[in-house]
Each structure stands twice: as C-alpha cells, then as structure tokens.
1. Quick test for you: out of Val68, Val46, Val58, pick the one residue that is closer than 30 Å to Leu20 by Cβ and touching a Ser or Thr at 6+ places or on another chain (Cβ under 8 Å).
2. Go through (1) more than 30 Å from Phe57 (Cα to Cα); (2) in contact with a helix residue (DSSP H, G or I) (Cβ under 9 Å, 6 or more places away or on another chain) for Gln95 and report which single condition fails.
Amino acid sequence: MTATNRRGLTIAAAAERTGLSPDTLRYYERIGLISPVPRTAAGHRVYQDEDIARVEFVLLLRATGMPVREMRTYFRLLRDGDHTILRRREMLAAQRHRLGEQERRLRATIDHLDRKIRVYDARLVAAAERPAPAPAPA
C-alpha cells in the first residue's frame, strides 16, 4: 500500500503528518486517546481525516500539559456520547483555567526579566558615557 491512497494514510504517512512516531500512534490507539483506526484486509492501519484531526487534538491537549490520565478520561467520555458533554466541557474549562494561571505566571516572569534587562541596559549606557580612566603613570 502506498503512503497515501483513496482510502487514507498509512501509519508511516500519518506519523509524518502528525510528527509522531508510528509507535506513539499505536500507543495512543491502545490507551484510547484515538479510536481504533480502520484496517485493510491485510491488517494495515488506514488513517482517515477524522483520525488525524483526533491526533492533532491530542497533541494540542498534550501541549497544554493535560495529563494522559485526564486525556484518557476525556476521550472515554467522548465515546460515551452526548450525555457527557457537561463533564467534557468542565474538563476543558479546568484545563483552560490552569493555562490562564500559567500564562499569568509567565507574564509576571517576563515583566520581571524585562525590568532587569532595562536596568542592565541603563548601566551599560552609563558605563559607556563615563570618561575612560587616566592611564597609569609609566
């Protein structure tokens, strides 16, 4: 089977598209972060657009620092159906809140570093404007 065809992407092509290894894609499927991927008669995985979209969402959640345990819960709830929408929303809102807190801490750190840099810049300018010391007598 080619890397891409009418039916979808091979695991190698899906790995290349997502930046993950084939082993990681298999792992995500095994632990329930992505739904079982359709297979050919020969047993080869064939990733569809919706599978790639799911992997991209997993990567997004991973980038937010969401623990794998929570991601597994989220995707289990998703598979359980619409009656879990409120719980899924709560999970995403809680993660969003954590990101907001992290963003505030990073902003405070950046502001502090900017102040320190300005202090050093001012000291460098002042040092450059000072007359050079007189040479020592020979």
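1. Of the residues listed, the single one that is closer than 30 Å to Leu20 by Cβ and touching a Ser or Thr at 6+ places or on another chain (Cβ under 8 Å) is Val46.
2. Condition (1) is where Gln95 drops out.
Any read-out appearing in this document is the output of simple, stated calculations on the displayed coordinates, not a laboratory observation. Everything numeric here is computed off the predicted structure, so don't read it as measured data. All Cβ positions, glycine included, derive from the backbone under ideal geometry; neighbour counts span all protein chains shown.
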